[in-house]
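Every read-out reported here was derived from the displayed coordinates using simple, explicitly stated rules and does not represent laboratory data. Nothing here was measured: the structure is a model prediction, and the numbers come from that model. Every residue, glycine as well, gets a Cβ built from its backbone with ideal geometry; the counts of neighbours run over all protein chains shown.
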Amino acid sequence: MNKTSSTTEDRREGVLSSKTYLYLTEFFAGMSVMAVELGASRLLAPYFSSSQIVWTIIIGTIMIAMALGNIFGGRWADKDPDPDRLYARLLVAAVWTAAIPVIGKLVIVAVSAALVFTVSTGFLIWAAFLSCMLVFVFPCFLLGTVTPSLVKYTVSSLDNSGSTVGKLNAFNTIGSIIGTFVPTFLSIPAFGTAVTFLIFSGILMALGLIYFISCRRRAARCIVCTVLFIGCCLGGNRLGFAFWEKGLTFEGESVYNYLQVKDDDYCTILSTNVLFGVQSVTIKDGSLTGMYYDYALAAQMMTDPEKHPAGKDCDILVLGMGTGTYAAQCSNYLGGCSVEGVEIDDRITDLAHEYFSLDESIKVTTYDGRAFLSGITGGSEDRKYDVIMVDAYQDITIPFQMSSKEFFTQVKSCLAPGGVMVVNMNMRSDRDGGINDRLTATIKSVFPEVAAVDVSGSTNRELFASESGGLFEDLEKNLPLISDPELSEMMYMVKDGLAEDIRDYPEDWVLTDDRAPVELLGMQVIDDLISQELEYYKDIVKKDGIKGLME
């Protein structure tokens, strides 16, 4: 045995007198890395969405941190194979991880505020990347030093080095597997993102404390880290994602979303993203919202007036039910309609019943919209609808499986003769070849008649499609049959803004299951919208300086 190995053996004391604790350290380190990675996605999603772009940034930055940790961990272990150094790093990683629920949100907001005035393209990429680098790289770097250090402490002979390293990797992998499932299915849904960070940072803290207590040294270091950890535990769950908002009715998380409910005397609002507006709204007196839900009611007016005079008695399916604003509008203004919804997030459905007065008689299926269509197509469950509303797009988070030619073909197969599909495209942009052009091109490859209207005062665009044609003719015939003056005024507004799409789109603009880069296309629109908004604020700064901006 060489001198270094002998020195390492001499330092195995306390819980390290056997190798069991070293394997446990590897196990929990692997678990914590995955928990931090999943927690990172939930911490960033309310600000930057949960798109594939954000996931790529998270995975990439954490892998960079782990790779650097492996390199430096190996060097440090060769230079000074003292377990004290490893477990001291675990204590620091524990404190940092525990602080993430507080410092992470502050850093994200600060980075976003700084970049929004300095970056004109790729805002989401740069903001998410810098936030990850500042918040998550350091603790993951420290955790990356664990494996090479443990190899140094566990391998006592070249004769069994292969099996020892293999066992360490197995413990790390098993820990990583558990660290993947526990946050997703247990801790985040039950306790939230902040508590999840605290749980796994507590595990790291315990690993370090047990080691130093068993060795009876470094008491001051342990006390300082413990005090900091307790401080993070006391304050970490108090800072909400939208911590600048006052008087929120509800703020929480589900398996799929960040959820925020605002309530006042006029309306109740659901948001699933801190930075990108409103997802659902209910006007308490039952009147029209002035938003895209009202425009979408024109889909019923585009059905056969002989079967559905003034849009009445339609069978309606809503893919992306949300809190049921569109369904409520159909019930309030279009008599005899049967409305059914599909919503993948059952927590949103719970909030719909609790805060948005969603009628209990309206059936809501907790499922993916496309999977639902697949289940009702063919066989005894074959169902047809007069109107299918596709409202599953949230900011940059556009499900690719619900934006492809194959998906819209499924929608068409579920429409009754003369039926109409209406799609809420929530990021209007004049960019040639952008996400709206691509979605329109895709829909036109399936439906022969397509028309669209821009929603006043918003970035939404409502797109209507029919296989049988007659959208304009049926709308014209149904308008005089509307008895409600508020609805009539809104439908005439839609008619005045409605335009048939007669453009010829390039073949390669059609999105398919195999190729649908919706995240990149959506990011381009976000950049355009941010640039447009910034011009207003830049003019204020140029004219009145920072003081004018604050005012």
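Results, tabulated for the structure shown:
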read-out	value
20 Å Cα-Cα threshold exceeded, pairs from Lys284/Lys307; Lys105/Lys246; Lys307/Lys444; Lys405/Lys444; Lys284/Lys477; Lys262/Lys363	Lys284/Lys307; Lys307/Lys444; Lys284/Lys477; Lys262/Lys363
Qualifying lysines (Cα of each under 23 Å from Cα of Lys79; at least 8 residues distant if same chain)	Lys3, Lys19, Lys152
Nearest-0.05 FRET efficiency for Ala220 and Ser458, computed from C-beta distance (R0 41 Å)	0.10
Rounded FRET efficiency, nearest 0.05, which uses the C-beta distance separating Lys19 from Ile59 and R0 of 45 Å	0.90
Rounded D (µm²/s) - the range 3-235, Kirkwood Rh over Cα pairs, Stokes-Einstein at 4 °C, 1.567 mPa s	71
Per-residue Cβ neighbour rank within 10 angstrom, fewest leading, Trp96, Trp76, Trp509	Trp509, Trp76, Trp96
Neighbour-count order for Ser458, Ser41, fewest beta carbons within 10 angstrom listed first	Ser458, Ser41
Residue-span extension gain [Ser163 to Phe117] - 0.36 nm each, minus C-alpha spacing	11.1 nm
Separation of alpha-carbon centers, the range 219-242 and the range 326-378, rounded to whole Å	43
Partners for Lys167 among aspartates and glutamates (Cα-Cα distance below 16 Å; same-chain residues under 8 apart left out)	Glu26, Asp159
Helix-only CD estimate at 222 nm, as mean residue ellipticity for the chain, using -39500 (n - 2.57) per DSSP H run (n ≥ 4)	-17500 deg cm²/dmol
Inter-label distance for Asp484 and Ser445, nm, one decimal - labels placed 7 Å from Cα along Cα-to-Cβ	3.8
Charge-dipole axis of the chain as Lys and Arg at +1 and Asp and Glu at -1 on Cβ define it, positive-most pick from Ala327, Thr56, Phe200	Phe200
Residues Val146, Val102 arranged by fewest to most Cβ contacts within 10 Å	Val102, Val146
